[in-house]
Every structure is written in structure tokens, then in C-alpha cells.
Amino acid sequence: MADSTKTCTLEVFRYHPEQDSEPSLQKYEVPFSEDWVVLDALNHIKGEMDGGVTYRWSCRMGVCGSCGMMVNGTPRLACSTFLKEFYPSPIRIEPLGGFPVIRDLVVNLDDFLEKLTRVQAWLIPKENHPEVNGALKQTPAELADYKQFSMCINCMLCYAACPVYAQEPHFLGPAAITLAHRYNLDSRDGARAARLDVISSDPGVWECAVIEECSAVCPKGVDPASAIKQVKLEGATDWWRGMLIPKEKRGG
Amino acid sequence: MEAYTHDVLIVGGGGAGLRAAIAIGEENPGLSVGVLSKVYPMRSHTVSAEGGAAAVIKPNDKIEYHIKDTVTGGDWMGDQDAIEYFVNEAPREMLQLEHWGCPWNRDPDGSVAVRTFGGMTVDRTWFAADKTGFHLLHSLFQTALKYNNLVRYDEWFATRLLIEDGRCQGVAAIELLSGQVRPVLARAVILCTGGGGRIFPFTTNAAIKTGDGMSLAYHAGVALKDMEFVQYHPTGLPFTGILITEAARAEGGVLVNKDGYRYLQDYDLGTPLDYRDPNSGHPKNKNMELGPRDRLSQAFMKEFDRGRTIPGRHGHVVHLDVRHLGEEKIMKKIPFVRELAKNYAGVDPVHEPISVRPVVHYMMGGIDTNRFAATSVPGLYAAGECACVSINGANRLGSNSLTELLVFGAMAGRQAAQFAQDHELRGKESLIRQAEDEQRRITQQYLTKDGGTESIAGLKAELNSTMEAGAGIYRTEATMRTTCEEVQKLKERYRNIQLGDRTHSFNTDLVAALELGSLLDVAETVAQSALQRQESRGAHQRTDFPKRDDEKFLQHSLAYQTDGEPRVDYRPVVITNWPPAERVYGR
């Protein structure tokens, strides 16, 4: 239970397309507890103070990826961000940067799902192995090659942190590239070339200066920046070499 | 009103729903499939499953062992024909997942690794570290992206099944973005909406686990089966209820009371072996910490009664100690346990024991289906936690639920595909009219209604509190009766609800109100079915009827909706080759 003697201020981004011509910040004074995360405070506001405050959440254990939002300007999961980290200062809560706002803290993610489909982020087997033939072998070392890139929970914090995505919404972005790369590295997969085609033809990849904002905010310790770096290297050594040089030679 | 139409509509985009969708795509790519979910599919609660998924694969294992473990684990309440099918089909499904890229842990030779799990005779739990559900869900979701015949309705909330011509032919659902109710029609419908653990205050279940699909089926006249069987997982983090996986014990973790004593030995769960001695045989299958979840949670309550648990800031706890595994093994096998304990309990399990207590985790009961995933309404199927086939009986064994959602998700998909090929959509105008009625009902009952005095959060808190009081780990006539009465009063008061948000676009207050309606339906069936089962079996333990009573209650309960309290009928359990016997662990 919250300690009733202490309170904490949340400034929550509010925007309702049916009612507001522009967004505003609304202040709420909520009870403070050592145990509370930002999500607990939002649930308190919604249940006890203002049923209109709108946000997504579900697992509240940092794995479903629903509750990404900007906390004092940094992309965070609300369920994993404790109030005590900021107390007694006010906490500003805003929707994830770089995405269209649907209402309050809810943003539209359709763009990411389209990109995930475009990069073919699923296993395309090397040869046709019907399941009756048994499990494909994969050594622990082969598993380790891609495992960390498979840990992405699609929370979109990396997109909100990405300076390229902010300028260039067509950029495939850190998570989609990471998940494509995850399958490229999987010993069972045979579609690396097709995925590299899609990724290398995205100008955003080459604009990424790998300043690693995406990796810094990832709540799961996935390293999208290193995935992008590796993809660029691969692109430069095969497909991209073939494209880049002739293009330059073409001149005007 | 504009209607969307598919051959098959799946409500729910978690493990079972996505497996069903892929099964249809494989069966007949020409069929159009809709997947309608109140959240983006990858947010579904399958994502939180940790420990693993059971299937016979290793040479030392046998199909018969897995069947017997499941029958015994369920205290003979599971239908044995369904269990036989489930166990036989499990390896094929798990291999299929492997071929879809699931990153299963591996043995050094590259074959799939397995770990032991509670109540299992032989190591047979496939795992992806301790994020098995996460990897399973994302593998399915990413695989589903490649099917062009699949249309997703992300963030749509189904409020009513549309029944016409005696068949289920779609749903009325709110498109959250616009707030509009729309008919989504189909020749066959599959419910894969998960359980309803949120009827309780302290649960591992995500916020979305509100029993919506159970409620939809219940209103359509389908029975909710075996609802009294609610699983408490023995190791949840206090306050948050976050799950600390059984894999922590499968890898060698031990449970101790305030004296550092491995108390499970006092509750007929076997003899402790020295966990510090690598040659002692610890952890031993079906022994001590690897007993079934119901028995371990019950042991905690008895230990509490004896004053041997540890008082904490959020109720009494015992200690789960994994320190002796060492950092390397913890990071390889149960890294998520460490992450969760550090983040949410401020404890690094490499150096300190984790405080844990039993927490509501899973509903064995659900929508009454046969082993073909079919309900009593033609064209309506169900799979996953929302369904009760039943394979889990009175207590589910850990790592059977992920396998179940694959096996019966696939079954539901194939059966629904066949049904859709054999039946035309009939009575479209009438189906659309039903959706228009539903639009009016939601508007009048929630959005334009004035003068309500009850709050969603207030009613939900009262519901949670009465369910914990009357339908917890140990139950008795008087408290259950009170809970049944309380739930009926809450249903009455629910009519007088007042929303804080009466707008249309992305109205999560409306969703919460509708979810509360589902929770009340689920709660009344749990409480009433529990009250009427005058015996103790598996997760249903009564202090006033402490023995199992096969003569009277080797029967599934079937709760039907009425104008008042649910009516409970019974149907005999299917017994094939495993007649009821004593349920023995640790000896």
C-alpha cells in the first residue's frame, strides 16, 4: 500500500482527438510508495482520479512490451520504472516519441508491424524439413549466435530513441532490422540474401551513425546498434558493393 | 452497418489463436481468416509463460509416462481420451515450433534440451531459457505474418457472439480506435481468449486476463466446465504477484521456511536430498520441490498456520533459494528469474534467497469443449486456457499449458476450417441487426447512462476481495456461500456503474467496464461450482470435505448461466486405461 504521508507529482500528456485542438500536460498528485512503478501511479490516477487517462499496459513484468512511454524525456517501460528513481521531483509522462499519437499515451504501431513483415522476420528454412523428420540440430554455439537478437519484445523504445527514425519515418528502424538479423544468423535459416536486399535498399540504414541510442534504451539488453552495424558490414561486403560502386560510376 | 466477413474468425491472438490461424493457413490457404484481439497479438499473456513446454522426445521417455503423469497430476479429473490425444500429438507440435524458429535450448550435440518439471516422472520439458512463452508467442506471431490470407483486427474488443440459425457466425466487436461496434462475420468462430485470473487480487496474470471469451460463451448458453479448479503457483513475488518459474526449482532451487528448514518434507512430498552435494540425486523428479503445484501451495498454507513462514511487508513468505546453482548456471538456465527478482524485489538471487508466496496462476476450467475443440454451439470452437477439454483435470502440471495451446489451437483451426468449408454464412441481415442492437446496448448501458454511482475500480476491488476470502487455496461451506452471495450483489451493483470516460476513441474505461462484466461472470461460476463440489480434489481443497469422493464427484461440473445464480450440472469424467488411484509424490 502507498505511504499516505508522501505524494508525488505526475505531469501526464493529454490529447483526445474528439475534444482537444492541441495536447497539454495535466498534473496529478498521487500517493508515493517505494514499491510503486510509474504504471502503478497511472493505474491509481485512472481508477481513483480520472477515468479518461489513456495508456496501454498488460503484463506489468517487462515482457509484453505494451507500456513504453517517455518518462522525463527518455523512452522507458512504465512497469519497470520506479517512482523512487525520481522522487521527490515531478515526473513527466509523454507518449513514445516519433509515433503518431492516437490518444494521450497511446501511439500507433502499425508502421512497425508492416516493416516487420517487409523484412520477412520469420524462419525460412534452408531446405524443406517436414516436422516428421525430427528436430533440426543446432548447437549451443549456433544458438548463441542469434539468441540475444531474439529477445526483442517489440516495445518500440528503440524507435522513440532513434534520431534517424525521427527524421526519416521510412527507416526500417532498430527492432525490425534486429529481428531480420536474428533470422539471418539462425543456422536453420536460408533467406539471408532476400532480407539483406530489403535492408540494404533502405537509405535509413546508411544514415544510421550507430550512436547507439537504441541499445542504450533497450529494456531487454538487446543490442540493435550492433545488429545494424553487422548488417551494414554484410551489406557492404556483398550486395551493397555491387550496387554502390556502379551507382557512383554512373555519375550524373 | 458495415460488416466484415471471413471464413473463420479467431478471437484472441495469443499462442492458441495464432496456432489456430497458422493451422488454417496450412490446411487451406484459400480460406480467409480474421484474428481479432483486444491487444496486439505479441502482447498476449502467453508472452509471460516462463518454464517450458512438455513433450516426449528423449529416448528414456515414453508416451505412457506423460499420460500417467498428467492423469495423476490432475487428480483423475482429466478426460483420458483427450489426454492420450494430447500427449501423442505433443511432440509433433513442438517439432513444428522448432521448424518455425523457436530458440529452444540445446544439448551439446545440437539436439533439443529438456528439463525436469513438477509432477513429471522424466525430464521432458522443452525450454527457451526461462522465457519459453515469450519465444513461443513471438515465433508464432512472426510466422503468422507470412500468411496473406490472415487479416488482423488488432485492438478490437469482442462483446457478443452472433448466433443465427443455431450456429455461431461471428462477433460484435468494438474497434477501439473509433469506438464503433462492428459485426465481424464468419462461418466458424474460435475463442482463444485466455483465462480469468484477474478475478483474484493476487495473481501472476496480466491485466488482460479477464475471462472475456469465457463470458461470451457463457452468455451464448455454453457451459463453463470445472471452474472451481483454480491453480495457485507456489512461487510468486509478494506485492506484484510476478511469477518466479518452477524452472528455478527444476534446476535445483529449494524452498525453506523461517528456520531455513525444507518444510515440504512434512507434507508427504518426499525426503530432502542434499542440494549442495552434486551426487545426492537432487533435484529428484516428483520429489519435494518437484511435487505438483497444488500440493506445494497447500503446504505453504499449512506452514503458515504453524507459524513457520516469514512475515514480510506484503504478507507472509517462504524463501526460494537458488544461490547454490551459482551465477553461471543461473544466467544460462534462469536469467529471467534473476532479472525479475532484481528489478521487482531488489534481490539478486545469486547472493540472496527470493521471498515468495503462492499466487493465482491458471484456471483449469473453462469453456466446455470436446477433444475436437468444439463447443455445444455449432460453429463455435475454443482452445487454450479459455477452454476446458479437459486435459488438466483438477490441477495442471507445469509445462503442459504451452503444449496444450499448440495441440488444441491446431485442432481448433483444422476443425473450424472444415466446418467453414461445409457451411455457408446464413442470415446476414439478422447478424448485422444483432450487432446494431449491441451498439445500442453499449451506448445506453455505459456511454450515455447518467446517475450511476458505482466505480469500476471499487467494484473490482470488492470482487477480488470476496474471491480471495471464499475461493482461495482452502475453502469451506460458509465462506463460499458468502462469496456466492457477494458476487450476486456485485452483479446487481454493476448495473449502476458510472464511467469516467464517455467518449469514443480508444476508450479504455469502457473496456475496463466490459472486462469487469466478464470477471463477474467468471467469478460466479468459480464460486458456485466450488460450493457445490463437496469433496477435495487437486486444487479444490475443502476443510469441511477433506477427502476425494470418486463415487459422487468423478464428474466435471458444468455451470450454465441463468437469471440468477449459475445452474451446475455434472458429466462423468472419461476414464480409459488409468482408473482412479491414490495420488502419490515423493514415495
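Protection proxy ranking of A:184-194, A:60-70, B:13-23, by the mean of other Cβ atoms within 10 Å over each peptide's residues and highest first, is B:13-23, A:60-70, A:184-194. Across chain A, the volume of the C-alpha convex hull divided among the residues equals 175 Å³ per residue.
Using bins of 10 Å that start at zero, the share of Cα-Cα pairs per bin across the stretch A:3-107 amounts to 16, 52, 29, 4, in whole %.
Distance from the Cα centroid of the stretch B:67-95 to that of the stretch B:529-556 is 22 Å (rounded to whole angstrom).
Across peptide B:503-511, the average count of Cβ atoms from other chains found within 10 Å of a residue's Cβ is 6.
I need the Kirkwood Rh of chain B: take the reciprocal of the average 1/r across all distinct C-alpha pairs and report it in angstrom. The answer is 23.9 Å.
Charging the Cβ of each Asp and Glu at -1 and of each Lys and Arg at +1, and nothing else, the dipole of chain B about its Cα centre rounds to 660 debye.
The mean number of Cβ atoms from other chains found within 10 Å of a Cβ in peptide B:205-211 is 4, as a whole number. What percent antiparallel are the DSSP beta bridges of the protein assembly as shown, to the nearest 5? Roughly 70 percent of the beta bridges in the protein assembly as shown run antiparallel, per DSSP. Over all Cα atoms in the protein assembly as shown, the spread is summed up by Rg and Dmax: 25.8, 90 Å. Per the Cauchy relation, a quarter of the hull surface: what is the mean projected area of the convex hull of the alpha carbons in the stretch A:110-249, in nm²? The directionally averaged projection comes out at 9.3 nm². Annotation for the stretch B:474-489 versus the stretch B:369-399: alpha-carbon center distance of 27 Å. With a 10 Å cut-off around each Cβ of A:147-154, the average count of Cβ atoms from other chains is 5.
With a sphere of radius 11 Å drawn around the Cβ of B:F506, what net charge do the other residues whose Cβ falls strictly inside it have (Lys, Arg +1; Asp, Glu -1)? Result for the local shell: -4. Estimated from helical segments only, the mean residue ellipticity of the protein assembly as shown at 222 nm is -10500 deg cm²/dmol, where each DSSP H run of four or more residues counts as -39500 (n - 2.57). The alpha carbon convex hull volume per residue for the stretch B:76-126 rounds to 99 Å³.
Cβ-Cβ distance of B:T482 and B:T562, R₀ of 22 Å, FRET efficiency by 1/(1 + (r/R0)^6): the value works out to about 0.65. When you count the other C-beta atoms within 10 angstrom of each residue and take the mean per peptide, A:166-178, B:567-579 line up highest first as A:166-178, B:567-579. Think of each Lys and Arg Cβ as +1 and each Asp and Glu Cβ as -1; about the Cα centre, that makes the dipole of the protein assembly as shown roughly 880 debye.
Over all Cα atoms in the stretch B:449-507, the spread is summed up by Rg and Dmax: 14.5, 45 Å. So what's the gap between the Cα centers of the stretch B:7-34 and the stretch B:146-195, to the nearest angstrom? For the stretch B:7-34 versus the stretch B:146-195, the Cα centre distance is 12 Å.
Read the figures in this text as sums done on the coordinates, not as results from a lab. Values in this document were obtained by computation on a predicted structure and should not be read as measured data. So basically every Cβ, Gly included, is an ideal-geometry build from the backbone, and we count neighbours across all protein chains shown.
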